[in-house]
Structure formats: structure tokens, C-alpha cells
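Notes follow the structure.
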Number of protein chains: 2
Amino acid sequence: MAKNDVETLFQNESELTTSEKILDAAIDLIAQEGFDAVSIRDIAKTVGIRESSIYNHFKSKDEILDTIIDYFTVELARASALPAGIEGRLEEVGIEKYMEIGSNAFMERIMDPRVSKIWRVLSIELYHNKKIKDFFIQTMLNAPLDAWEQIFGKMIDKKLVKSYDPRMLAREFFSFGIYLYFVQFFLKYDENSRSFDDAALKELDDHIKFFIEAVRA
Amino acid sequence: MAKNDVETLFQNESELTTSEKILDAAIDLIAQEGFDAVSIRDIAKTVGIRESSIYNHFKSKDEILDTIIDYFTVELARASALPAGIEGRLEEVGIEKYMEIGSNAFMERIMDPRVSKIWRVLSIELYHNKKIKDFFIQTMLNAPLDAWEQIFGKMIDKKLVKSYDPRMLAREFFSFGIYLYFVQFFLKYDENSRSFDDAALKELDDHIKFFIEAVRA
DNA sequence: GTCTATAAGTGGATAGAC
DNA sequence: GTCTATCCACTTATAGAC
């Protein structure tokens, strides 16, 4: 990586605008200490400018957080979507492969070291930021549950899966993702381990195998 | 409840010491806004004394939080312990009853409206307080996983349960509790709904039924 | 677009009278 | 054990020179 601490989340490090540098620094600091504990001075010092200069790019401290939230909730929302093209190919690929592809698509976005710091920021601010809370409820909870409910409904129709309540199956399957997320971003997070480790991937693999064995018709 | 907003967490409301009033007020305010956002002045105003008087009872703001953490982590740690007496009665009570009793013991502590505010405080401060983080890893994660691993090991020995890896079974069973906790205290928490609602209990019930059907030998 | 200087407010904490 | 008064470090944010 480069000479400074801040791993950039934007494309070309050499051509970063000051606004992008500010956002990078803010993300880095907030991920470590939380939004309240980070001051405009801290951010300015990390970027290498005076605090008053920050206000040429953002009109308030809150606007910095809002920009981070708006920029990345859109980006991260794609994580819960299933990969395009797999939709109609249920019989072709089989249950195992189907669930594996769906899970991996989800996990890869969360594992990505480029965005794991953002996940940490959103996790930290979740408790008192309505925008983040709504994002989580919608994107991390309801959307995946709805998607998996539909998928399990179809699997039941095709007699690939026992006729359980599809919503219950969606919860049984997806709740494990929330568990892994919580353990990773609340209990095990530190600045050095920014991505899911192999143990978590093994646990997910075990979960998929156990679940499939439990529901296969 | 009484004439003021603060539901006391201590025994006799009429005989609360000032220290206890301060802790109650602090818990109430922190559960709503987080520790950083609550000032000594806020706490003093809620109690009805001047901020300087706070320092006759606690030597710093941090000591207030520490007292809350120390007092309740001990209390809450009991939540993850299985009820005494059930230990050796596995054959007698059967798998369903055994798991139901274990789960209920855990859930009742979390549901208790008296302590759910404390759970919220601990959840909010989890990300930057090592003491709380250690408590969670030990009491909310490792201890329950160890306990259930042992139990499932015994169930497998007695051929009550298929011979899966007991640690994997512990994760499959207990991760749903983490999911329910996360949804409750991070996504759905607000001052009015302080306890788990019936939907969560129904979801837990579904989970237990699904799990038993999946593992029964 | 960055700087210096400063405003205006809030925070935790202490001294000393009662 | 509570009060008034005060300290001072730190915060966000603005004004205006360069």
C-alpha cells in the first residue's frame, strides 16, 4: 500500500480530489473511533490541511457522514441482490450450487477489504442514524428474506425442498449471515483484520451443507 | 410506572440513593442517545441535582459507565447459564423440552423489560469499549457455544441426535439467538418497545422445531 | 482553495461556601 | 452532600486575507 495509513476507497490514489481525501480520512477515523469521537480537526490533520478548509468541501461535519452513507448504501445495496442470470436456472444448477452462488455473491461484497471499513462505519453509527437503520432493515434484512422466501417457495413447488413455510426457511438460512456479520463487525473487528477470515467462510460452508441436508425433499 | 420517566432498575423506588438515581438516569439517557452524546449536565438535570454534585458519587463520567458495565455484566452473565438441575435429566425430559428450557432461560433474561435498557446500553457502547466487547465474546458467544457443544455431544452419544460435528450444531442452533438479539437491539429498538415481541418468540419456536427435526436421529 | 484568527458554544471537572 | 461560580480544553463553524 502507499506511504500513508489511509487506504483509499476511490480509484486512482494519485488523482484523489481533496473531497475524496477528506472522505477517505473520515472513513478511516470513524471506523476506528466512531463519528462522535472524531473531530473536524482530526480529519483535517489526517488529510494535511487546516480544519477551516474542510468547509470548502462540506458544509458541516454531518454532511461528511451523510455523503459516506449516501455514496455507499447505494453501492452496498447491490450486495444483497442475487447475481443476474441465475434467476431461471434453478433445475439446471441444482440447489447446492444455487445457494452457494447466492451466498458467495453476498459474502464477497462484505468480505471485500475495500468496503469492510465502510461496513464498520455503518455498523458503528447504526444505533443513532435513521438513514443507516433504514438501510439495514431494508437491505440487510427484508430484501434478502424476501428474495430467499421466493426462491424457497419455487424450490418447494418443484419438490426440490420439503414443504416448510418458505418464510421460515428464508429466516433459517439467512439468519446465519447476520450472525457472521455481527461476529465480524462488532466482536472481532480490528484495523488489522479487515476481511472475513477463512474460519468464517468454513462456517458458512458448513451452514449451507447442514441446511440443504435438512430441507432436501 | 411512577411519575417520572426513569424506570428504576433497583428494588425500592422510594428508597433510591442518589448514586442509584444517577445510574438509572444515565442508563435511560445512554440507551436513547449513546454515551458520548449524553453529558454530565444531562444526567444531573434528569436526576434533579447540579452537575457538580455528581462528582460526590462518581469521580468521572467514565466511572459511571464502568459502574453500569460492572454491575450488569455480572448479572447478565447468568443469562447464558442453563438452569440448574436440568443438567443430568436429558433422557427424562427429552430433546424438545431440554432445548426449550435452555432457550427460554436465555430469552427471558433478554426479554425482561427491566434489563433490556441495559442490553441497549451495552450494545451501543460495544464498538469502542473493550470491557463490553470481552463480555460479549465470552458471555454471548463462547460460553453458550461451549455449553451447547457439550450438550449436543452428549445427545449424539446417546443416539438422540445424528452424529454431526457438535460444534457445528451449537453454531447452527445458537446463531439464531444472535440474529434475534441483533434485530431486536439494533434494528427494532425504540424506547416504547423494550421487550421482545411475540413475533420474535414465534420465530424462536419455529427455529427450535426446525432444528430438532433436522438433527433428530 | 488554503490559510490565520476568532467567534460562540459545550464539554468534563474543581474550589469553596453552606 | 448540595449548591454557586469558575476554569479551561476542545468543539463546530465563520470571516476575511492571500
Checklist entry - Would you pick out the residues in region A:34-46 that are within 11 Å of chain B (Cβ to nearest Cβ) and either over 19 Å from the mean Cα position of the chain (by Cα) or over 17 Å from A:Phe185 (Cβ atoms) (or both)? => result A:Asp36, A:Ala37, A:Val38
Item to check | Answer from B:Lys117, B:Lys159 - the residue that is out of contact with any Leu (no Cβ under 9 Å at 6 or more places or on another chain) and more than 11 Å from chain A (Cβ to nearest Cβ) | outcome: B:Lys159
Item to check | Complete set of residues in region B:35-49 that are farther than 20 Å from B:Ile124 by Cα and near DNA strand C (Cβ under 8 Å from one of its atoms) | outcome: B:Arg41
Checklist outcome for this item: Considering region B:109-137, residues that are closer than 21 Å to B:Gln184 by Cβ and free of Cβ contacts under 8 Å to residues at least 60 places away in the same chain, and then whichever is nearest to the chain's Cα centre (by Cα), we arrive at B:Arg109
Checklist entry - When region B:55-68 is examined, which residues are found to be more than 8 Å from DNA strand D (Cβ to nearest atom) and without any contact (Cβ under 8 Å) to a residue 40 or more places away in the chain? => result B:Phe58, B:Lys59, B:Ser60, B:Lys61, B:Asp62, B:Glu63
Item to check | A:Tyr98 within 14 Å of another protein chain (Cβ to nearest Cβ), in a helix (DSSP H, G or I) and crowded, with 18+ Cβ neighbours inside 10 Å | outcome: no
Checklist entry - B:Ala143: more than 11 Å from every other protein chain (Cβ to nearest Cβ), in contact (Cβ under 8 Å) with a residue 60 or more places away in the chain and within 15 Å of B:Gly177 (Cβ to Cβ), yes or no? => result yes
Checklist entry - Given the structure, is A:Lys45 modelled with pLDDT of 80 or more and either of a type in the set (Val, Ile, Thr) or closer than 30 Å to A:Lys158 by Cα (or both)? => result no
Item to check | Residues (away from DNA strand C (no atom under 16 Å from the Cβ), charged (D, E, K, R) and either surrounded by 17 or more Cβ atoms within 10 Å (Cβ to Cβ) or modelled with pLDDT of 85 or more (or both)) located in region B:53-95 | outcome: B:Asp70
Checklist entry - Could you say whether any residue in region A:34-50 is away from DNA strand D (no atom under 11 Å from the Cβ), more than 26 Å from A:Gln150 (Cβ to Cβ) and in contact with a Ser or Thr (Cβ under 8 Å, 6 or more places away or on another chain)? => result yes
Checklist entry - Tally time: how many residues in region B:155-171 are within 30 Å of A:Ile124 (Cα to Cα) and surrounded by fewer than 19 Cβ atoms within 10 Å (Cβ to Cβ)? => result 2
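Against the condition assigned to a helix (DSSP H, G or I), crowded, with 21+ Cβ neighbours inside 10 Å and more than 8 Å from chain A (Cβ to nearest Cβ), how does B:Phe152 come out, does it pass?
yes
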Checklist entry - Only one of A:Phe106, A:Phe186 is in contact (Cβ under 8 Å) with a residue 12 or more places away in the chain, within 13 Å of another protein chain (Cβ to nearest Cβ) and of a type in the set (Phe, Trp, Tyr); which? => result A:Phe186
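The values are calculated or read from the model by the stated rules, or taken from the named source; none is laboratory data. These figures come from a predicted structure and were not determined experimentally. Note that each Cβ is placed from the backbone with ideal geometry, even for glycine, and that neighbours are counted across all protein chains shown.
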